Amino acid sequence: MPSASLLPENDSSSLFTTAGMQPLVPYLLGAKHPKGVRIADCQKCVRTGDIDDVGDNRHNTFFEMLGNWSLGDYFKKESLNWSYEFLTDKEEGLGLDPNLLYFTVFKGELGTKTADSSAEGIPRDEEAISVWTEILTKNNISHDLSGDDEVIKPGVRIIPLGAEDNFWIAGTTGPCGGDSEFFYDTKPEAGPLEGKFADLVKSGRIIEIWNNVFMEFNKTPDGRYEPLAKKNVDTGMGLERTTVVLNGKDNVFDTDLFVPLIEKINHLAKNDDLKAKRIIADHVKAAVFMLSEGILPSNTEQGYVLRRILRRAIRFIDKLGMPNDSLVYVADQVVKMYADIYPEVKAKQDDINKELMAEDFKFRATLEKGLREFNKLGADKKITGEEAFQLFSTYGFPLELTVELANERGFEVDQIEFHTKMKEHQDKSRAGAEQKFKGGLAGTGEIETKYHTATHLLNAALREILGVHVSQKGSNITAERMRFDFAHGTKMTDEEKSRVEQWVNDKIQKNLPVILEEMSIGQAQSSGAIGVFTDKYDDIVKVYTIGNQELGLVSKEICGGPHVENTGTMGKFKIQKEEAVSAGVRRIKAVLE
């Protein structure tokens, strides 16, 4: 499959596509995939929980995830054997040294009862241990099992770990199971690998390059783990981390995927700071891919994340003494690197540069306001942690900038209180992020299914009443409401909103059939089907048609989400709010009553 968009389609569980599994949610839950039961892809991803860790040896905001999937087909034995073969085969695989590979398995410490109420928890994955023992024995590699202390020492190759490390679930409910992760020793010249497993990972001595998740359970809302009728395998291999190993490096920023960006930054920088250079390279790359998909800097959701990483990059650009327009110079290098792989970044290059320059200008104006606010502080030659945090949260002042300015004036900054405030802020943000994942693989319940279909009717209504220039720019669905973003240059009048409501409700009342067909992307477009992000679709797509020749054809769209079989089951459509999102993009929030 080609990569799906960074903007999740028919998924309210997260702001960005964070893993290769997200576009496959319907198929992991049992829907038939048009390509069959064995799938492979390279998925663009953005993860925001590790932004503060960027600059170390392994964390990135934007990354590419290589994945292969068994949808009810092969399982543990085949998956682990083939994975080992791919990693170690010198002719057709990656040719890695098998003596530098280590494997974790689920040790079975979940304390919630399974479907069998007489059993407590899910047992240790003896099948995976047995498969690894067989593989390593066949290849004449020592394969002792680590004990409960989770320590690696000479001879140990298999490490059982608990649920926090080796049991995977997307949220609080849904398909899940134990996994087996593959780690590689990046510094064998340092001597035999020995020590606490977690410490070896943290130090960068070993790095994870692959994860095979065995989805054999479904976690129910009441906490039970029921066996799935069809067991799936979900693998993920980060391209960046794998390249670390193949390039013989110990961090992602010294690989082919970042060296051209670091070289560009070195050319522009007057000062030297390795972490600053890494942060700029990571953040600008992520920003280019976000902007290429139409995400614009703002104070909410995806736009807030984009604004945050751009402003963080600008601060480090200034720290390195780089020119004010360095964002564009680095972004141009990103485009050069990826243009042949992701043509959308090249196609949007002018728009990307325009937004980068605009955000740079806005932030520098904000910094001036922050400096004026800073100059009001320190009457007693002290800046409280609360004041330092307000400078950070309101004006984008990182702590190091506040400390630097304070030192110039002979002031002290209460950094302990600042970090306390920051932790409180991060805890709230993390709780909010976790809420975005509540319900596990979201968007498949009865009410969400109705809302998925309602987006098709709303799209058709807007094109009918406002004009065919209307195109979908995104959607977000929860069990409480639907949100629909669309291209339109002016605010809708009350009359227009009323007409749209009436149009949608008329189609609901007509009990129109909703028909699913599978066809090639060319056939879909030739038949008049419309779709969002059509460059991401595979050869075979799902097309949903609402209506028929007898009752009237209402809508025909390419879509992977769940839909009702008949519009008459949906209820009454009501627009709650219509507002601007950005220049040329409007948003409708609506409910089904």
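Here are the numbers:
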| quantity | calculated |
| --- | --- |
| Subset of the range 385-413 [farther than 24 Å from ARG308 by Cβ and either part of a loop (DSSP other than H, G, I, E, B) or β-branched (Val, Ile, Thr) (or both)] | GLY410, PHE411 |
| Odd one out for PHE75, checked against (1) in contact (Cβ under 8 Å) with a residue 60 or more places away in the chain; (2) under 30 Å from ASP273 (Cβ atoms); (3) out of contact with any helix residue (DSSP H, G or I) (no Cβ under 8 Å at 6 or more places or on another chain) | (2) |
| Neighbours by Cβ (under 6 Å, 6+ apart or cross-chain): first from the range 134-159, assigned by TED's automatic domain parsing to the domain that holds GLU181 and on the phi > 0 side of the Ramachandran plot; second surrounded by 11 or more Cβ atoms within 10 Å (Cβ to Cβ) and part of a loop (DSSP other than H, G, I, E, B) | GLY155/SER142 |
| Criterion: under 17 Å from ILE209 (Cβ atoms), in contact (Cβ under 8 Å) with a residue 24 or more places away in the chain and in a loop (DSSP other than H, G, I, E, B) - qualifying residue of ASN99, ASN60, ASN68 | ASN60 |
| Filter result for GLY571 (in contact (Cβ under 8 Å) with a residue 60 or more places away in the chain, of a type outside the set (Phe, Trp, Tyr), surrounded by fewer than 17 Cβ atoms within 10 Å (Cβ to Cβ) and part of a loop (DSSP other than H, G, I, E, B)) | yes |
| Condition check for LEU29: over 18 Å from PHE253 (Cα atoms) and modelled with pLDDT under 80 | yes |
| Residue satisfying condition, being more than 22 Å from ASP73 (Cβ to Cβ), touching a helix residue (DSSP H, G or I) at 6+ places or on another chain (Cβ under 7 Å) and either assigned by TED's automatic domain parsing to the domain that holds ASN81 or assigned to a strand (DSSP E or B) (or both), within set GLU208, GLU164 | GLU208 |
| Qualifying position, being in the same structural domain as ILE39 (by TED's automatic domain parsing) and either surrounded by fewer than 17 Cβ atoms within 10 Å (Cβ to Cβ) or at pLDDT 90 or above (or both), among ASN271, ASN247, ASN266 | ASN247 |
| Filter result for the condition that a residue is more than 22 Å from the chain's Cα centre (by Cα), assigned to a helix (DSSP H, G or I) and at pLDDT below 90, over LYS354, LYS362 | LYS362 |
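The values are calculated or read from the model by the stated rules, or taken from the named source; none is laboratory data. Everything numeric here is computed off the predicted structure, so don't read it as measured data. All Cβ positions, glycine included, derive from the backbone under ideal geometry; neighbour counts span all protein chains shown.
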